[in-house]
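Here the structure comes first, spelled out in structure tokens, and everything after it is commentary.
The values are calculated or read from the model by the stated rules, or taken from the named source; none is laboratory data. Keep in mind it's a predicted model, so treat the numbers as computed, not measured. For neighbour counting, all protein chains shown are included, and Cβ atoms are generated from backbone atoms with ideal geometry for every residue, glycine included. For accessibility, only protein heavy atoms count, side chains too; no ligands or nucleic acids. Shrake-Rupley method; radii C 1.70, N 1.55, O 1.52, S 1.80 Å.
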Amino acid sequence: MSADFLYGIEVIINGLMAGVLYALVALGFVLIFKASGIFNYAQGVMALFAALTLVGIMEGQVPFGHLINAIFGTDVHHFGWEVPALLAIAFTVLIMIGFAWAVQRFVFRHLVGQEPIILFMATIGLAYFLEGVGDLMWGSDIKTLALGLPQGGSLAVEEWTAGLGGDDFYGFFIDKLDMVATLVAAVLVISLVVFAQYTKQGRAMRAVADDHQAALSVGISLNFIWVLVWSLAGIVALVAGVMWGAKSGVQFSLSLIALKALPVLMLGGFTSIPGAIVGGLIIGVGEKLFEYTIGAPYLGGATENWFAYMLALIFLVFRPQGLFGEKIIERV
């Protein structure tokens, strides 16, 4: 096999791994949109808040420490202990579930029956509120997420594949953190699909997505389902925040990962879990291959920043409901 062909295979593998992470972020949007018809603008900020909370708990940081010090003139920052990673993750999951309950109890329960644009604006307000609370609780400095995840390229993969293409090929460069992130994301995606298809709560969630009134008529609690989907979206946000935060540090730009999910949703459809998965893989592989074959040689590189949005625009023109979305026909 030629070295160029093998480098192309390496690009595809890295694209697939990136695509799984894109699909994971998109799933948070899909879960909430399917069950309640709300496009959750705050999904990226939820990932940021979850990652900030996890780091704060692990390091034993005092929540709202800066605010307490400013009001009372104290100088407290840490409790003096550190929390093991698994226990900190469990506490963070509980906090995200509590956040889901609070959102339903104090925000969206009062907006039932409102226009979609009102609900969308509510999520924008929620995003900025949550970002401000995260800043007050844990500070705005860049934090390191030390979970013991492997870093750097995998020498084992590189050595194992070095002999496939002769002297011109040096082996696949596969980042170990990307491998772990892909495995974790794939397990979570599969778990969500199984949950939605084969559990009582998952079937209730799909029933609510299909018809709210019919679901109510058979005794399904809409409040419970909406808390459930916001909790699941919070857990998805936590995993996404951990994986992206481990790569680039936990900082406020982490909330922008939600922007990567938008082209995925446009390709796969806003109401389809399989669509989010397929859309993520298409975007991940597509942007890497486009950069490798056209972007770097002919356009000066950096095409990964805009390729996904260009592809999404094409889909919006010719198939606005996406590959798996439902085509909506309104009769007047």
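Points worth noting:
- Residue check, Leu254 within 15 Å of the chain's Cα centre (by Cα) and open to solvent by less than 50 Å² (accessible area, probe 1.4 Å): yes
- Condition check for Asn14: touching a residue at least 24 places away in the same chain (Cβ under 8 Å), of a type outside the set (Ser, Thr, Tyr) and more than 20 Å from Ser255 (Cβ to Cβ): yes
- Top-ranked residue in segment 143-159 [being assigned to a loop (DSSP other than H, G, I, E, B) and open to solvent by 90 Å² or more (accessible area, probe 1.4 Å); ranked as nearest to His78 (Cα to Cα)]: Thr144
- Test: residue in segment 168-175 that is out of contact with any strand residue (DSSP E or B) (no Cβ under 6 Å at 6 or more places or on another chain), in a helix (DSSP H, G or I) and of a type in the set (D, E, K, R): yes
- Hits in segment 179-200 (condition: surrounded by 15 or more Cβ atoms within 10 Å (Cβ to Cβ) and over 25 Å from Trp244 (Cα atoms)): Ala196
- Given (1) in a loop (DSSP other than H, G, I, E, B); (2) open to solvent by 50 Å² or more (accessible area, probe 1.4 Å); (3) modelled with pLDDT of 90 or more, index of the condition Ser140 fails: (3)
- A count restricted to segment 64-88 and to residues that are under 25 Å from Val227 (Cα atoms) and either open to solvent by 10 Å² or more (accessible area, probe 1.4 Å) or in contact with a His (Cβ under 7 Å, 6 or more places away or on another chain) (or both) stands at 2.
- Of the residues making up segment 160-174, those that are surrounded by fewer than 18 Cβ atoms within 10 Å (Cβ to Cβ), without any contact (Cβ under 8 Å) to a residue 60 or more places away in the chain and not hydroxyl-bearing (Ser, Thr, Tyr) are Trp160, Ala162, Gly163, Asp167.
- Filtered residues of segment 258-301 (kept if modelled with pLDDT under 85, more than 30 Å from Ala207 (Cα to Cα) and open to solvent by less than 60 Å² (accessible area, probe 1.4 Å)): Gly301
- You will find that of Phe29, Phe49, the residue that is buried (at least 21 other Cβ atoms within 10 Å of the Cβ) and within 15 Å of Val242 (Cβ to Cβ) is Phe49 and no other.
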